[in-house]
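Handing you this structure, nothing more for now.
The values are calculated or read from the model by the stated rules, or taken from the named source; none is laboratory data. Because the structure is predicted, anything quoted here is derived from the model rather than measured. Counting neighbours? That spans all protein chains shown, and the Cβs are built from the backbone with ideal geometry, glycine included. Ligands, DNA and RNA are stripped out before the accessible areas are found, and what is left, the full protein with its side chains, is counted by its heavy atoms. Shrake-Rupley method; radii C 1.70, N 1.55, O 1.52, S 1.80 Å.
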Amino acid sequence: MIAAIQAETDRAGYQMFILYAGNHDARLLNQAISVALERHVAGILLVATSLDDQAATTLRETSTPCRLISVYDEDDPRYTDFKFISSDNERIGYLAAKYLIERGHRRIGLAGIDHSSTGKQRLHGYQRAMREYGLIPQKDWVKYGDYSFGPQQNILGALYDQNLDAIIAASDMVAVGVIREARLLDIRIPDDLSLISIDGTFLCDITIPTITSITQNFYQMGLAAVKSLLNNRGSEFIPIQVTPRDSVRKIATKIP
């Protein structure tokens, strides 16, 4: 995404600089916005950030255009006035669950999402797919995290105790953590447990087994965000796709 933003801003005759806003850290986010506005920038791209009331107010009151990237929340008043470029998170969760269900899986867990708008949207999509196929997702089938590798090291054991036959990992980093823990627990992927990841980065191709993913086009997301900012375009969902690899098995059961 950063590479795409750099390439497109350079092509348009602008320079890009990056300000770190932490991991959903309101203080760092507001500090970064203030620094950007003090430099009289042509525009601001906020990548995967959670807006608090102060940040939303500051951005509304400035004449500097901005776009949210890879985050949106059409139900939260803090986000409703801002244009965004993102994947459709509800559809991501839906497609991941649907892919597994159509391959015979019935007891499907969701690992590593957080309580942000992104996590809620993906959870809703997962639940919608399950219910469409007459399946009832259980509360214990969802384990929360922060999309990173470290905290997921103890997440698989708790889910596997629920007799699941598949897991949706909230990110590729979560999926890598699940694969590592599966090896320690002597759980074979995909023979004992199927795994599908959300993101589809290079990590999916370097693990054993390689990881089936719902693949986001982060480069296209970055390009579209700059074009939207500079040309005053509206919000946009970037297409996603399923990328089959080796981490999902097909179970010979009839789909209801």
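Nearest 20 debye, what's the magnitude of the dipole of the chain about its Cα centre given +1 on Lys and Arg Cβ and -1 on Asp and Glu Cβ? Walk me through the numbers before you get to the answer.
On the way: 27 positive and 30 negative charges, 124 e Å.
Computed charge dipole of the chain: roughly 600 debye.
If you don't mind, there's one more thing I want to ask. Leaving out same-chain residues fewer than 8 places away, which aspartates and glutamates sit with a Cα under 17 Å from that of LYS250?
Counting by Cα, and skipping residues close in sequence, LYS250 has these aspartates and glutamates nearby: GLU102, ASP165, ASP191, ASP192.
Helix-derived [θ] at 222 nm for the chain: sum -39500 (n - 2.57) over DSSP H runs of at least 4, divide by residue count, nearest 500?
Numbers: 9 runs with 98 residues, N = 256.
Theoretical 222 nm ellipticity from helices: -11500 deg cm²/dmol.
Can I ask one more? Ranked from the most accessible area to the least, with a 1.4 Å probe and all protein chains present, what is the order of HIS115, HIS40, HIS124?
Values: HIS115 125, HIS40 160, HIS124 100 Å².
Ranked list, largest accessible area first: HIS40, HIS115, HIS124.
State to the nearest 20 debye the size of the charge dipole of the range 146-224 about its Cα centre, where the only charges are +1 on K and R beta carbons and -1 on D and E beta carbons. Before the final figure, lay out each step's value.
Working: 3 positive and 10 negative charges, 29 e Å.
Charge dipole of the range 146-224: 140 debye, to the nearest 20.
What is the angle, in °, between the Cα long axis of helix 172-184 and the longest principal axis of the Cα atoms in the chain? Nearest 10 is fine, range 0 to 90.
So the helix axis and the longest Cα principal axis differ by about 30 degrees.
With point charges of +1 on the Cβ of Lys and Arg and -1 on the Cβ of Asp and Glu, referenced to the Cα centre of the chain, which listed residue (LEU28, ASN217, ALA56) lies farthest in the positive direction of the dipole?
Selected residue: ASN217.
Follow-up. Going by alpha carbons, how many degrees (0 to 90, nearest 10) lie between the helix axis of 117-132 and the longest principal axis of the chain?
Rounded to the nearest ten degrees, it is 40.
Counting only heavy atoms of the protein chains, get the accessible area per residue of the range 54-213 (1.4 Å probe) and round it to a whole Å² value.
Working: 6800 Å² over 160 residues.
Each residue of the range 54-213 exposes 43 Å² on average to a 1.4 Å probe.
Right, next: Take the alpha carbon gyration tensor of the range 72-154, find the square roots of its eigenvalues, order them as a ≥ b ≥ c, and report rounded if a/c is under 1.5; if not, report prolate when a/b exceeds b/c, else oblate. Mind showing how you got there, number by number?
On the way: a/c = 2.19, a/b = 1.37, b/c = 1.60.
Here the range 72-154 falls in the oblate category.
Expressed as cubic angstrom per residue, what is the convex hull volume of the alpha carbon set of the chain?
123
Roughly speaking, to the nearest percent, how much of the chain's 1.4 Å accessible area is carbon and sulfur?
Values: 6160 of 12570 Å².
Taking all protein chains in place, the chain shows 49 percent carbon and sulfur surface.
Shifting gears a bit: How far, in degrees from 0 to 90, does helix 26-38 lean away from the longest principal axis of the Cα atoms of the chain, to the nearest 10?
Roughly 30 degrees, rounded to the nearest 10.
Can you sort ASP205, ASP161, ASP75, ASP199 by 1.4 Å-probe accessible area, starting with the largest?
Working: ASP205 95, ASP161 120, ASP75 145, ASP199 25 Å².
Descending order: ASP75, ASP161, ASP205, ASP199.
Could you sort THR80, THR118 by their accessible area in this structure, using a 1.4 Å probe and putting the largest first? Don't skip to the answer; put the middle values down first.
Numbers: THR80 75, THR118 20 Å².
Ranked from most to least accessible, the order is THR80, THR118.
If you don't mind, there's one more thing I want to ask. Would you check the accessible area of PHE82, probe 1.4 Å, heavy atoms only, in square angstrom rounded to 10?
20
Taking a probe of 1.4 angstrom, what is the accessible area of ILE33 in Å², to the nearest 10?
It works out to around 10 Å².
Also, I was wondering about something else. Below 8 Å, C-alpha to C-alpha, sequence gap of six or more: please give me the relative contact order for the chain in percent. List each step's numbers first, then the result.
Details: 474 pairs, mean separation 53.5, N = 256.
Reported as a whole number, the value is 21 percent.
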